[in-house]
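The values are calculated or read from the model by the stated rules, or taken from the named source; none is laboratory data. For clarity, every value in this text was computed on a predicted model and none was experimentally measured. Counting neighbours? That spans all protein chains shown, and the Cβs are built from the backbone with ideal geometry, glycine included. With ligands, DNA and RNA removed, areas are computed over all heavy atoms of the protein, side chains included. Shrake-Rupley method; radii C 1.70, N 1.55, O 1.52, S 1.80 Å.
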Amino acid sequence: MQKRIAIIGAGIGGLYTALAFNEALNKDKYTFVIYERMANVGGLWNFTEDIGIDSSDGLPVHSAVYKNLITNAPNDLAELEFTGLFNENEKHYVNHEKYLEALVKLAEKYNLYQHIKCQHYVKSVEKSESGFSLEIVDTAKTEMITEQFDFVIVAAGRYALPKWPQTEGELLRSFSGKSFHSKDTKDISIYKDKRVLCLGSGYSALDISLLLHKGGAQFVAVNAKPGILIDNCTLNWNDSFKLILSPMKAVNGKMISFENGTSDEFDVVIVCTGYLCECPFLDNDLQLEMKNPVFPHLYEGVVNIKYPQLILFGTLMQARFCKNHCASCLAISGKSSIESVSSDLDVHAVVS
């Protein structure tokens, strides 16, 4: 009987995994299917102007992409599978539309669509006697399907569930202007002539603030904490584009005060504090403590220690690792934990 592998998500992680399996699996022994919630491949790179609820399927919006988003990694650093997917005369840093086009071309080039079921939303994953039981919603037909798999690979992305800062979040309850998470930022142009505060110390805060500044916002400030990114930032801060390295202290109407004694008035606050690393569709017994992007309960940052047939990842190197790991587990049948699997096989050697 064929062993069945479910891949959740047809974004870059899911497609890379499909490539790894497509090249390696003996189709007489193994089969895999990719479930993608959106109408096409690309995962969160499928831009939507919807906020909150996606009008295409009635589910919470998955994509955090905004209209002006440009990738922060050059095409030159893309893996070999991307060769030929970008035009030679295109910029090294492309916008989200070009990146999505490249993912579609990737799926077409390697004939991956035969394995992909679009508009299929994985509602739940539970442990079963033989492996895992998945409840899947066919959103096109509004039908519920239950399928059994030997392995589940979660490649659904880590940029869907907004993370709010506790202290600043409480203070912003008193803010009389508009405040929202950066995931709900769709069109920068609507903030022309506005006074905007971007709260956060990462790429989103810096990117969105710069787009606002260039897009005609009257005043833009970034409230950040010192760190590698902020300390090495070379943006030209000035009177209309300010960096505030002091915690928020108080909010009174539209006036926001900081612990360094300064205060400014804002019309909009965009909270750019990242996302929660959670997989709400996993059953309680399969859940992990993911308080930060470095998963302490994942072997090699990929494999569930208790259930080694459950894999979570996000890079190409991990895609190749998980392909080899699945083959290893199948070769060492009957093992119930990663400790017993690794005792029979040096997983590090498999990766190379």
Inset, instruction - For an R0 of 41 angstrom, estimate the FRET efficiency from the Cβ-Cβ distance between residue 141 and residue 305 and round to the nearest 0.05. - result: 0.65
Legend entry - Average accessible area per residue (Å²) across the range 81-196 - probe 1.4 Å, nucleic acids and ligands excluded: 56 Å²
Inset, instruction - Within the set of other residues whose C-beta is less than 14 Å from the C-beta of residue 53, count the net charge using Lys and Arg as +1 and Asp and Glu as -1. - result: -2
Legend entry - By accessible area with a 1.4 Å probe, ligands and nucleic acids excluded, highest first: order of 300, 259: 259, 300
Legend entry - Heavy atoms of residue 283 accessible to a 1.4 Å probe, total area in Å² rounded to 10: 60 Å²
Legend entry - residue 103 - accessible surface, heavy atoms, 1.4 Å probe, Å² rounded to 10: 0 Å²
Inset, instruction - Find out how many positive minus negative residues lie around residue 241, taking Lys and Arg as positive, Asp and Glu as negative, among other residues whose Cβ is under 12 Å from that of residue 241. - result: +2
Legend entry - Heavy-atom accessible area ranking, 1.4 Å probe, most first, across 110, 99, 191: 110, 99, 191
Inset, instruction - First measure r as the distance between the Cβ atoms of residue 260 and residue 53, then evaluate 1/(1 + (r/R0)^6) with R0 = 45 Å and state the FRET efficiency to the nearest 0.05. - result: 0.70
Inset, instruction - Quick one: grab the alpha carbon gyration tensor of the range 10-58, order the square roots of its eigenvalues as a ≥ b ≥ c, and give me rounded if a/c is under 1.5, else prolate or oblate depending on whether a/b is larger than b/c. - result: prolate
